[in-house]
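Please read the structure below before turning to the comments.
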Amino acid sequence: MNKKIFLVLLIGSVSFGTAFANGGDYLPDTHRTETRKAQTWDPWRVSLGMGHTTYEHAYKGEGETIVGRLALGVVPLQWKIISFGLEAGIQSGNQMSMPTEETGNQDVQTTIKPMVDLLATVEISLDNRYTTFTIFAKGGAAYRKWEFDRDTIGNINRIDGEVQAGLGVKISAKTKLIAYYQGIFAGKVNFNYNDNTGSGRANNIPAQHGGFLGIEITI
């Protein structure tokens, strides 16, 4: 499912780029230049999104959940149709059990706490007569915490790599609808649990992959 989400976004990005590059109904260059000069550059962005994400290695379907994300971004640099910026976000977590085959036939309840992240962003804007489409990519780090329901298993704090890639379309002068893929990558979990001592350990927090729909507002 995650591969399908990523593939749809990738195909959409290529399709938009091809359509606009090969016959998209562009405004004349002079008109577009004059319009941009007349606009006030507002670098701050606020985005709110909801999505479906999957945590690897969870018991049955407990790793699949709906998450919410709130982010604040700044775009201080713009060169022609490309803009560069930074984004800081916070995202909800999930409660789930580890699979019984990895816990000695005894379920261990776990909680992945809400995470925070910091991402570098790059965005390409494609204008036509009616609206503006954007293709964007983001990359950086996410700080996550994994807690267990017993003191005999140590909690884990990790900084893991994160990427996002997606599309946007303007619906007003300062508002844009966005759809994107998110991947947070981590090493192998290697969760082990000892029935006799009730103790266990894990090396990493489960990786997660998902798709989001949201709105971005320029402020």
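Read-outs: derived from the displayed coordinates by stated rules, not from any lab. Computed from a prediction, not measured in an experiment: that's the story for all the values here. Neighbour counts are summed over all protein chains in view; Cβ atoms, including those assigned to glycine, are modelled from backbone coordinates with ideal geometry.
Counting charges near residue 153 (Lys, Arg +1; Asp, Glu -1) among other residues having Cβ under 10 Å from its Cβ returns a value of -1. Using the Cβ of residue 139 as centre and a radius below 14 Å, the other residues enclosed give a net charge of -4, where K and R count +1 and D and E count -1. Sequence-ordered 3J(HN,Hα) estimates for region 110-115 from the Karplus curve with 6.51, -1.76 and 1.60 and θ = phi - 60° stand at 9, 9, 8, 6, x, 10 Hz, glycine and proline given as x.
What's the local net charge at residue 65, with K and R +1, D and E -1, over the other residues with C-beta under 15 Å away? Taking every other residue near residue 65 into account, the sum is +1.
With r defined as the distance between the Cβ atoms of residue 95 and residue 172 and R0 fixed at 30 Å, what FRET efficiency is calculated, to the nearest 0.05? The pair residue 95/residue 172 has a calculated efficiency of 0.20. Measuring between alpha carbons in the structure, the pairs from 60/176; 80/113; 60/170; 138/170; 60/113 lying more than 30 angstrom apart are 60/176; 80/113; 60/170.
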